[in-house]
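First the structure, in the form of structure tokens, and then the observations on it.
Just so it is clear, none of the values below were taken in a lab; they were calculated from the coordinates. Quantities reported herein were computed from a predicted structural model and do not represent experimental measurements. Counting neighbours? That spans all protein chains shown, and the Cβs are built from the backbone with ideal geometry, glycine included.
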Amino acid sequence: MSTHAATAVPNSQKTPLLQSRLGSFLAVVPLSIWVVNHLWDNLAAFYGGAAWQTAVTEYKHPYAQAFTFILVMVPLLIHTVWGLLRLRPQSFRPNNLAYPYYGNLKYIVQRAAGLGVLGFLGAHIWLAFLQPRLVYGQGEPFAAIAYEMHWHAPTIIVYSLGVLGTAYHLANGLQGFAMYWGLVASERSMRRFEPLSIGVFLVLLGMGWGALFALYKAGGTEEVIQERARIMQARGVTTDH
Ligand code: HEM
């Protein structure tokens, strides 16, 4: 966030406080908690396919699946619209060239990361959630995702960048949340918040990249290669990816 604004924004163009608070609340409370839990679940890849599928793609009840999807998607959609509105010319005023400060760099990286995560999520939700369930009638099988991580370079690159962008956007976004909700107000308290934000970033990155590493490793095993070939045959898919 910008701590050194070059131009004063007229009152009529400022985001109302309630709107800022609501947007950041929806991002932090349901979404961030869900993302931490999602990355944690994905770490089950270290314990093999059955453990991963139980943790990530299986639900005890069909209603639980629909409920989770709505619980994630509604705040995600609202937060996306809220974020995109803040990128309109009247709200988005980078001044990095005139004021090359750390706070201003974070302001621009936060917005770039948000756009990157949006692109990642579009691909991720379709490929890992909607396509397996709607087209093939089952949750994403471990062998399918682990195989792609190992043998299809764009998959692991996009996931690694998606996790990096998410970890940054969430950790840095916590500072905005703390500001909108009046938890930090002074320049000094903002600086004190910084190590917490960096800590959250590193933990999320470690969890996400750790899960990717476990999937990548499993994807190279004979067991996964054969299971994936069986799945593709059953789906009638002949192309390699
Ligand atoms: C470690 C990397 C990740 C892996 C392996 C992974 C895997 C998956 C899988 C397999 C699903 C489908 C779950 C199901 O069938 O119910 C899913 C859903 C989803 N993932 Fe991820 N994911 C990763 C990281 C992320 C990140 C960084 C985000 C960022 C917000 C994210 C957001 C979502 C969302 C929004 C859904 C759909 C919601 C739902 O499951 O109800 N994922 N993920």
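Of the set (1) more than 21 Å from I33 (Cα to Cα); (2) touching a helix residue (DSSP H, G or I) at 6+ places or on another chain (Cβ under 8 Å), all apply to G137 but (2).
So, in region 136-185, how many residues would count as being among the small types (G, A, S) and outside any helix (DSSP H, G or I)? The number of residues fulfilling the criteria is 4.
Determine whether region 187-196 contains at least one residue that is among the aliphatic types (A, V, I, L, M), surrounded by fewer than 18 Cβ atoms within 10 Å (Cβ to Cβ) and either free of Cβ contacts under 8 Å to residues at least 24 places away in the same chain or in contact with an Asp or Glu (Cβ under 8 Å, 6 or more places away or on another chain) (or both). Lay out the reasoning, then the answer.
Taking region 187-196 and keeping what is among the aliphatic types (A, V, I, L, M), we get 190, 196.
Cutting the leftovers down to surrounded by fewer than 18 Cβ atoms within 10 Å (Cβ to Cβ) gives us 190, 196.
Checking which are either free of Cβ contacts under 8 Å to residues at least 24 places away in the same chain or in contact with an Asp or Glu (Cβ under 8 Å, 6 or more places away or on another chain) (or both) leaves us with 196.
Yes, there is a match, as at least one residue in region 187-196 is among the aliphatic types (A, V, I, L, M), surrounded by fewer than 18 Cβ atoms within 10 Å (Cβ to Cβ) and either free of Cβ contacts under 8 Å to residues at least 24 places away in the same chain or in contact with an Asp or Glu (Cβ under 8 Å, 6 or more places away or on another chain) (or both).
T166 fulfils the conditions (1) of a type in the set (V, I, T); (2) touching a residue at least 12 places away in the same chain (Cβ under 8 Å); (3) under 21 Å from I231 (Cβ atoms) except for a single criterion, (3). Flag set for V237, criterion: aliphatic (A, V, I, L, M) and exposed (fewer than 13 other Cβ atoms within 10 Å of the Cβ).
Pairs are defined by a Cβ separation below 6 Å, a sequence spacing of at least 6 or placement on different chains, a first member in region 141-157 that is under 14 Å from N42 (Cβ atoms), and a second member that is more than 13 Å from the ligand (Cβ to nearest atom); the pairs so defined are A146/V224.
For Y59, state whether it is over 19 Å from the mean Cα position of the chain (by Cα), within 30 Å of W40 (Cβ to Cβ) and of a type in the set (F, W, Y). Step through it out loud before you land on a result.
Details: over 19 Å from the mean Cα position of the chain (by Cα): yes; within 30 Å of W40 (Cβ to Cβ): yes; of a type in the set (F, W, Y): yes.
Criteria met by Y59.
Among the residues making up region 110-139, a single one is touching a Lys or Arg at 6+ places or on another chain (Cβ under 8 Å) and within 11 Å of the ligand (Cβ to nearest atom): G139. Would you call Y147 under 20 Å from Q131 (Cβ atoms) and surrounded by 15 or more Cβ atoms within 10 Å (Cβ to Cβ)? The answer is yes for Y147.
The single condition from (1) under 17 Å from A113 (Cβ atoms); (2) within 15 Å of the ligand (Cβ to nearest atom) that S197 fails is (2).
Here the condition is being touching a Ser or Thr at 6+ places or on another chain (Cβ under 7 Å), away from the ligand (no atom under 11 Å from the Cβ) and closer than 24 Å to Y168 by Cα; of Y99, Y107, it holds for Y107 alone.
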